[in-house]
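> Quick one: the structure is below, and I'll ask about it shortly.
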Amino acid sequence: MDSVTWKIGGEAGFGIMASGTMLCRTFSRAGYHVMATNDYPSLIRGGHNFITVRIATEEFASMNRDVHILVALNYESVEKHKEELMDGSLVIFDPKDGEWKEGDFQKKVKLLPVPFREIVGKFTADPVMRNTVALGVTVALLGAPFERLSSVITDQFKKKGEEVVKQNLTIAKAGYDFPSEKSFVLGPSKKKERLLVINGSEAVGVGAVRAGLKFAAIYPMTPINALITFLADHAKNLKLVYKQPEDEIAGINMAVGASIAGVRSMVATSGGGFALMVEGLSFAGVVEAPLVIDMGMRVGPATGMPTYTEQGELQFVIHAGHGEFPRIILAPSDIGEAYSLTVDAFNLADRYQVPVFVLTDKYLNESQWSLPQSALSGSVEIDRGKLFSSDSKNSNGEFKRYSLDVSDGISPRSFPGMKKGLYHADSYEHDEVGHVTEDTSMRTKMSLKRLKKLEAMKKDMKAPKIVGDSEAEITFVSWGSSKGPILEAMKLLAAKGKKTRLIHFSWLFPFPAEEATKLLSPVTRLIDVEQNATGQLASLIREHTGILIKEKILKFDGRPFYPEEIVEKL
Amino acid sequence: MSTVTPDSLKTNFLPTWCPGCGDFGIWMALRDALANLRIGSDDGLIVYGIGCHGNMHDWVNMYAIRALHGRTLPVAQGAKLVNHKLPVVIISGDGDCLGEGGNHFIHAAKRNPDLTVFIHNNEVYGLTTGQASPTAQAGFKTKSTPEGAVDEPVNPLTLAIASGATFVARGFAGDMQGLSALMKTAIEHKGFSVVDILQPCVTFDKVHTYQWYRQRVYKLETIPENKIKALEKAMEWGDRIPLGVFYKENKPTSEDRESALADKPLVDLPLTIENLEGLLNEFY
């Protein structure tokens, strides 16, 4: 086998998520490419939770729909996922949950009853550890040595003490010894370099701290909570402050205060939290404070489906904020970009003194992906933009923080406490020093000064990425995390002899209108693929290029695209 | 080094407050207190809210942020955490701090950042031409309460004490010298200091005039010894209105509790990571 998809389901609190992580690491450490996506309701105990792990010998871009191995830790896990099984899939369940026969399934599946409860019962009274048995069984089936799993388990439980490690190892071994034969044995990996397993939020976190983040104020909200954990865990050793604010309004205002005071600062939230930040965004806009906003989209409107994914906020973040002011919007398309675009975001924020969005989503943030360590450890260039220096001479002793004498609209900034750098960061319209003004000429000039940056930014904005065949009969158009499933769909189509191409936008705003027009206008069949109900990228393209994309594949049921679905919808 | 005087902390702009506005007294007292503390134009940061009080922004010559309405405290906390050596003072109003920013006030008090907030309390929204503010006494007639305010007022002092502020005081805009001394003590206190300042609005409040206050205010001789006694004093209102320090306590500040700030302010730290390998290892 060169790719295996494994799914484990059970109630919340069964350690489902942890088992996905451990399975990923067991294989990534041996050089396999892995990915795990979770699916869980918004509650802490009970409900139906599952995590899907794909393990492959070669790099791949997204999860797929067809499941090779289904591990059910309860009755629902078999019933809910029956239809995702293929001929030859293996269903692993505890006979105590149900007495399924092969005839109970549409496809010709194989059944492997494993007495999870009985095995765990031999060692402990805690039935939660059934997931550890399942891990042992899985690793054995896939033909990997036990030592790979045991090293991961040891690292995972080290903090909880030797006893816990020992118990988990014993139970995993009992699971490992259970299957009498292997199935879905993976071919050898093409190990080239050290692979890490990281989720989108953590990749944003690594990008932020590598870019020199010093202050973050983040109110908890799915799907960016892993970023909070990462920053809070490292606040001490990395010498940064993570502050949990009373609400998102406080969060963004703290971050703007921190930015004005002189450090790189950020907030992170989802749609509902960002709705509260909108006022503060406008504040950052008028005082020209650099700010990075990690906006992790989930299903709306309102509380929506909090733990499910969507790309519904593109038009929201473009238009958010009262008044007119510039901003930059970047949407990472994969785990590597979650890191690299976050680094870019901090540099762009400082260079242009504007809010910069890193527009992520639940699928990207909470899924785990393997990534070469080198992707996160390369050198990082830090550009803090135009800064005031205490030595620089000012005419008549006044520092013009908002100097109009700049062709690109970007004037140097000082930080409170700097000698001779005195200025006022005023939320009112203001003059060059920062004093309030209602003068017609000053207002017009100041507004134009800020908006001039939109022109200046264009030189930094990257063109859409093109993947595939220039002779293609179909050209997909997408943004953000939809890229992965499209790339995988393109592979499936290529296998059927269909030539396709993808034009993908990671740099969304200011919208690269000229590039987009050049790329899109000659194409005869364009298909817009987005995870929202209205085709927000297609609207943006129409607005800026006049090009109307008639065909759309839209999904907004909260679940990420499967490549197979895209193929079927053509 | 030039000396700091109340005049050196003045800009060239002329205040636009109504003649006789209580804000004049607060403006003078603030500059006097800052000058006494030798905090010069480049040495400190003042965060202003939106309201008549916030217009002071253009008349004090010191690093300033004029935040959005109600948002002074989060902005000030962010700035203070970044540069905890920098004196940060907040000029806010009853509507700004207790209405729009009420939640921020409670949480700032709970965290005890080393900030000082001066609340210009005149019971009305002056800038929007005279609606009732959160501190308006029940029965107080304003443009938004023609039959008299139906709700009970917020008491800034009891709210501050109960929420965890470590220095809580009340001053009077009509007593410039007394107010200046109180402001100085408040700024010197290490922790979250709240000074409620009774401020006559000569245009929209014909009840709470300078004379009305002068007939009622008196100075506390000593600081009440605990929170309960402080709350009792803070609830005194009517024929006699106490001024002075109601509560004072020394506790670690928000900044003291951040281990990243143990050495230098964040703004002075390098941006590079020392042990990247160790950081990435947790994802292996």
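> In segment A:515-552, what residues are within 17 Å of residue A:500 (Cα to Cα), touching a helix residue (DSSP H, G or I) at 6+ places or on another chain (Cβ under 7 Å) and open to solvent by 10 Å² or more (accessible area, probe 1.4 Å)?
A:526, A:552
> If you don't mind, there's one more thing I want to ask. So which pairs qualify, if the first residue must be in segment A:225-252 and over 19 Å from residue B:110 (Cβ atoms) and within 7 Å of another protein chain (Cβ to nearest Cβ), the second must be surrounded by 24 or more Cβ atoms within 10 Å (Cβ to Cβ) and basic (Lys, Arg), the Cβ gap must be under 8 Å, and the two must be at least 6 apart or on different chains?
A:239/A:214; A:240/A:214
> Please identify the pairs in which a residue from segment A:145-164 that is free of Cβ contacts under 8 Å to residues at least 60 places away in the same chain and on the phi < 0 side of the Ramachandran plot has its Cβ atom under 8 Å from the Cβ atom of a residue that is assigned to a helix (DSSP H, G or I) and open to solvent by 60 Å² or more (accessible area, probe 1.4 Å), counting only partners at least 6 apart or on another chain.
A:146/A:173; A:150/A:173
> If you don't mind, there's one more thing I want to ask. State the number of residues belonging to segment A:346-383 that are within 14 Å of chain B (Cβ to nearest Cβ), among the aliphatic types (A, V, I, L, M), in contact with a strand residue (DSSP E or B) (Cβ under 6 Å, 6 or more places away or on another chain) and not in a helix (DSSP H, G or I).
1
> Report yes if some residue within segment A:192-202 is within 30 Å of residue B:264 (Cα to Cα) and crowded, with 16+ Cβ neighbours inside 10 Å; otherwise report no.
Taking segment A:192-202 and keeping what is within 30 Å of residue B:264 (Cα to Cα), we get A:201-202.
Right, trim to crowded, with 16+ Cβ neighbours inside 10 Å and you get A:201-202.
Yes.
> List every residue pair whose Cβ atoms sit under 9 Å apart, with the two residues 6 or more apart in sequence or on different chains, where the first one lies in segment A:506-518 and is under 16 Å from residue A:311 (Cβ atoms) and the second, anywhere, is open to solvent by less than 40 Å² (accessible area, probe 1.4 Å) and among the small types (Gly, Ala, Ser).
Close Cβ pairs satisfying both conditions: A:506/A:331; A:506/A:333; A:506/A:480; A:507/A:331; A:508/A:331; A:508/A:480.
> Okay, moving on. List the pairs whose first member sits in segment B:2-30 and is outside any loop (DSSP other than H, G, I, E, B), whose second member is crowded, with 16+ Cβ neighbours inside 10 Å and of a type in the set (Asp, Glu), and whose Cβ atoms are under 8 Å apart, counting only residues at least 6 apart or on separate chains?
B:25/B:175
> Next up: Only one of these is more than 8 Å from every other protein chain (Cβ to nearest Cβ) and under 14 Å from the mean Cα position of the chain (by Cα): B:25, B:40, B:54. Name it. Explain how you work it out, then say what you get.
Values: B:25 fails: under 14 Å from the mean Cα position of the chain (by Cα); B:40 fails: under 14 Å from the mean Cα position of the chain (by Cα).
When all the criteria are applied, what remains is B:54.
> For segment A:455-490, name all the residues that are closer than 14 Å to residue A:519 by Cα and hydroxyl-bearing (Ser, Thr, Tyr).
A:470, A:475, A:478
> Looking at A:84, A:99 in this structure, which one is under 31 Å from the mean Cα position of the chain (by Cα) and open to solvent by 20 Å² or more (accessible area, probe 1.4 Å)?
Only one candidate passes the filter, namely A:84.
> Now, a different point. Find the residue count for segment A:1-12, including only residues that are surrounded by fewer than 20 Cβ atoms within 10 Å (Cβ to Cβ), at pLDDT below 95 and either under 20 Å from the mean Cα position of the chain (by Cα) or part of a strand (DSSP E or B) (or both).
2
> Within segment B:67-180, considering only helices (runs of 4 or more DSSP H) that don't extend past its boundaries, which have at least 2 residues that are open to solvent by 10 Å² or more (accessible area, probe 1.4 Å) and away from chain A (no Cβ under 14 Å)?
Filter on segment B:67-180 gives B:156-163.
> From A:64, A:49, grab the single residue that is touching a residue at least 40 places away in the same chain (Cβ under 8 Å), closer than 16 Å to residue A:184 by Cβ and touching a Pro at 6+ places or on another chain (Cβ under 9 Å). Show your work before the answer.
Values: A:49 fails: closer than 16 Å to residue A:184 by Cβ.
Among A:64, A:49, only A:64 is touching a residue at least 40 places away in the same chain (Cβ under 8 Å), closer than 16 Å to residue A:184 by Cβ and touching a Pro at 6+ places or on another chain (Cβ under 9 Å).
> Further question on the same structure: How many residues are part of a loop (DSSP other than H, G, I, E, B) and either touching a Cys at 6+ places or on another chain (Cβ under 7 Å) or away from chain B (no Cβ under 13 Å) (or both) if we restrict to segment A:13-31? Lay out the reasoning, then the answer.
Filtering segment A:13-31 for residues part of a loop (DSSP other than H, G, I, E, B) gives A:13-15, A:29-31.
Of the ones still in play, those that are also either touching a Cys at 6+ places or on another chain (Cβ under 7 Å) or away from chain B (no Cβ under 13 Å) (or both) are A:13-15.
Summing the residues that are part of a loop (DSSP other than H, G, I, E, B) and either touching a Cys at 6+ places or on another chain (Cβ under 7 Å) or away from chain B (no Cβ under 13 Å) (or both) in segment A:13-31 gives 3.
> Right, something else. If the requirement is being at the interface with chain B (Cβ under 8 Å from one of its Cβ atoms), open to solvent by less than 20 Å² (accessible area, probe 1.4 Å) and touching a strand residue (DSSP E or B) at 6+ places or on another chain (Cβ under 8 Å), which of these qualifies: A:280, A:257, A:285?
On the way: A:280 fails: touching a strand residue (DSSP E or B) at 6+ places or on another chain (Cβ under 8 Å); A:285 fails: at the interface with chain B (Cβ under 8 Å from one of its Cβ atoms).
None of the other options fit; the residue is A:257.
> Starting from segment A:26-39, keep only residues that are of a type in the set (D, E, K, R), then list their pairs with residues that are in a helix (DSSP H, G or I) whose Cβ atoms are within a distance under 8 Å, requiring at least 6 positions of separation or different chains.
Cβ pairs passing all conditions: A:29/A:148; A:29/A:151; A:29/A:152.
> Condition (residue is charged (D, E, K, R) and within 22 Å of residue A:187 (Cα to Cα)) applied to segment A:123-145: is it met by at least one residue?
no
> So is residue A:63 in contact with a helix residue (DSSP H, G or I) (Cβ under 9 Å, 6 or more places away or on another chain) and either within 14 Å of another protein chain (Cβ to nearest Cβ) or open to solvent by 40 Å² or more (accessible area, probe 1.4 Å) (or both) or not?
On the way: in contact with a helix residue (DSSP H, G or I) (Cβ under 9 Å, 6 or more places away or on another chain): yes; either within 14 Å of another protein chain (Cβ to nearest Cβ) or open to solvent by 40 Å² or more (accessible area, probe 1.4 Å) (or both): no.
For residue A:63, the condition - in contact with a helix residue (DSSP H, G or I) (Cβ under 9 Å, 6 or more places away or on another chain) and either within 14 Å of another protein chain (Cβ to nearest Cβ) or open to solvent by 40 Å² or more (accessible area, probe 1.4 Å) (or both) - is not met.
The values are calculated or read from the model by the stated rules, or taken from the named source; none is laboratory data. Note that this is a predicted model, so its numbers are computed, not measured. No Cβ is skipped: glycine too gets one built from the backbone with ideal geometry, and neighbour counts run over all protein chains shown. Accessible surface is based on the protein model in full, side chains and every heavy atom, while ligands, DNA and RNA are left aside. Shrake-Rupley method; radii C 1.70, N 1.55, O 1.52, S 1.80 Å.
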